[in-house]
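So the structure is just underneath, and the comments pick up after that.
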Amino acid sequence: MTLAWDVVIVGAGPAGSSAALSALRCLPGARVLLLDREKFPRDKVCGDAVGPRSFHALSALGLESEFTDYQPASRMVLGSRSSHAEHPQRGEFRVVPRRVFDARLVRAAVQAGAVLERRRVRTIESTDEAVMVDGELVAHVVIGADGAESVLRGAMTVTRPRATATAVAIRGYGPTSAPTPRIISQSRDWPAYAWEFPIGDGTSNFGYIDVPRRDRTITKDTLLAGVRELLPGAAERVETWKGHRLPLATARPTLPDGRLLLVGDAACLVNPSSGEGILDALVSGTIAGECAHLGPDAGAAYRRRLREVIGRHQRDAWVGAQLCRVPVLASLGLQMAKVDRRFFDATLELTLGDGHIKPLVTGRALARLGAVRARERLNISRKLT
Ligand SMILES: Cc1cc2nc3c(=O)[nH]c(=O)nc-3n(C[C@H](O)[C@H](O)[C@H](O)COP(=O)(O)OP(=O)(O)OC[C@H]3O[C@@H](n4cnc5c(N)ncnc54)[C@H](O)[C@@H]3O)c2cc1C
């Protein structure tokens, strides 16, 4: 059998483009085909927030200066309806509309040697020798980077993500109301929060995310009610809201051996403590590209390496998400972030990066909060006497 392609990648979002770039860096001259059903530039429903670790992942692919025309945020606000913590932002946090972000990554992949073709992939067949896409494209290895509703995930007969492990979010653009990016959470559970991420051109990305429960269905109306409650005025500033699902890593499927690899949302890698998915899309795409030349051994090598790189972070992010579902703990965490900058940073690293739960940092923040409260009580009793 003549193999036309070394690697075929289905989907040219951040996961697919980083897979193409990484495969070409590992094996210069490889025949890499990047397929997408859309013509670029195209929109993707997203909060557009790209955190510091994502810029590290982009640097590793040679794209360190690709987004310097977007001003990094200097501060960040984490809050609830009644209280908020605000500190300087550590590392680069930029808000880059996905219409721009994804198109630049695709351009870089094409410049590196990938062939871009517009095609909606419908079928996939894998044998010991090769993989066939749509009954006509033959490849050594196929990487499924086709997003939350992945056709390839379905074809690989891996289990469907549970509804309660799939977040739903809406986003829209409107005039900026505050210059600092802010994440305002519901006190009842997490992740159920609203955001405003200013792009830097006078407009912001506004949105709201929630996770269905057995006793709670999510609709566009419930999401908009969340926006109205947590970001008063935002619902009126935005003309068009668009929604999409986010397959959380809480229910990620066991990835199989062989020549078919799943990356990014197709592999259900979205951070369960926040809904952040660009970083894991970039990281998983990069690792899949590195493993793609291994042919039949690619799947096993990719699964192993992915677990080494993001396994612990994903476990901790899940634990963080569970803890924050207890309102009293979520509120305590916010108070600790207010008084302790290192706890604030650690929270952002866990939710928007690849950080871990840090018991020492947590203990210190708790002690500091206790001291602050004790001082406050002392001051009150002095005033009263
Ligand atoms: C409202 C909302 C807000 C979010 N906010 C953030 C945020 O601020 N920061 C963050 O990090 N993450 C955020 N996320 C998550 C983030 O958008 C995703 O995790 C990320 O886009 C995953 O990248 P990907 O490359 O795996 O998939 P995608 O970006 O979805 O790319 C998949 C690509 O595959 C193509 N495709 C699909 N099916 C086919 C097919 N059959 N044939 C060919 N091509 C196909 C699509 O056209 C698309 O280009 C948000 C998600 C939502 C819904």
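The values are calculated or read from the model by the stated rules, or taken from the named source; none is laboratory data. This one's a predicted model, so the numbers in the text were calculated from it and none came from an experiment. Ideal geometry is used to build each Cβ from the backbone, glycine not excepted, and the neighbour counts take in all protein chains shown. For accessibility, only protein heavy atoms count, side chains too; no ligands or nucleic acids. Shrake-Rupley method; radii C 1.70, N 1.55, O 1.52, S 1.80 Å.
Some notes on this structure:
Residue-wise test of (1) modelled with pLDDT of 95 or more; (2) of a type in the set (Val, Ile, Thr); (3) buried (at least 16 other Cβ atoms within 10 Å of the Cβ).
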{"residue": "Ser273", "(1), (2), (3)": "no, no, yes"}
{"residue": "Ile278", "(1), (2), (3)": "yes, yes, yes"}
{"residue": "Thr286", "(1), (2), (3)": "yes, yes, yes"}
{"residue": "Ala300", "(1), (2), (3)": "yes, no, no"}
{"residue": "Arg307", "(1), (2), (3)": "yes, no, no"}
{"residue": "Gln322", "(1), (2), (3)": "no, no, no"}
{"residue": "Gly333", "(1), (2), (3)": "no, no, yes"}
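- For region 68-79, the set of residues classified as part of a loop (DSSP other than H, G, I, E, B) and buried (at least 19 other Cβ atoms within 10 Å of the Cβ) consists of Tyr70, Ala73, listed by residue number.
- Test: Ala266 is surrounded by fewer than 24 Cβ atoms within 10 Å (Cβ to Cβ), farther than 21 Å from Pro52 by Cα and either more than 9 Å from the chain's Cα centre (by Cα) or at pLDDT below 95 (or both): no
- So Asp48, is it at negative phi and at pLDDT 95 or above: no
- Check on Ile184, hydrophobic (A, V, I, L, M, F, W, C), within 14 Å of the ligand (Cβ to nearest atom) and open to solvent by less than 60 Å² (accessible area, probe 1.4 Å): no
- Residue list for region 201-223, restricted to those being within 13 Å of the ligand (Cβ to nearest atom) and not small (Gly, Ala, Ser): Asn205, Phe206, Tyr208, Ile209, Asp210, Val211, Ile218, Lys220, Leu223
- Hits in region 29-57 (condition: over 27 Å from Val151 (Cβ atoms), in a helix (DSSP H, G or I) and open to solvent by less than 50 Å² (accessible area, probe 1.4 Å)): Pro52, Phe55
- Filtered residues of region 20-33 (kept if touching a helix residue (DSSP H, G or I) at 6+ places or on another chain (Cβ under 7 Å) and closer than 15 Å to His140 by Cβ): Ala20, Ala23, Leu24, Cys26, Leu27, Ala30, Val32
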